[in-house]
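Every number here is computed from the coordinates shown, using simple stated rules; none is lab data. Just so it is clear, the model here is predicted, and its values are computed rather than measured. Neighbour counts are summed over all protein chains in view; Cβ atoms, including those assigned to glycine, are modelled from backbone coordinates with ideal geometry.
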């Protein structure tokens, strides 16, 4: 019974600390009903109940609009390298197409050799 009580106390403390940090780091636009200092006070004064109230009533969900401060990695940003759209130049594309045609032709010739070997056997 003592182990269960100890685990419950640790879990409740972690939950309250998480709720308090979430409350303190939340943007002011995400608060419903009360302001940030009042919610922090409720979480501290009524530890578990205040944390539950914070998650159920206090914070608003994030809106569906993308955040204006969102950072994009350079490899995800098409304007980073100065190129828009295609990453392969037309010349590279032509040489790639030629190489693919040549490899397909070689493969067809090899397939033709295999069928001739089977017919001769």
### Query
R0 = 22 Å: FRET efficiency of residue 17 with residue 72, Cβ-based, nearest 0.05?
0.10
### Task
Sticking with the crude label model, points 7 Å out along Cα→Cβ, report the distance from residue 8 to residue 100 in nm, one decimal please.
6.6 nm
#### Entry: Relative contact order of the stretch 1-61, pairs being alpha-carbon contacts under 8 Å that are 6 or more residues apart, as %
38 percent
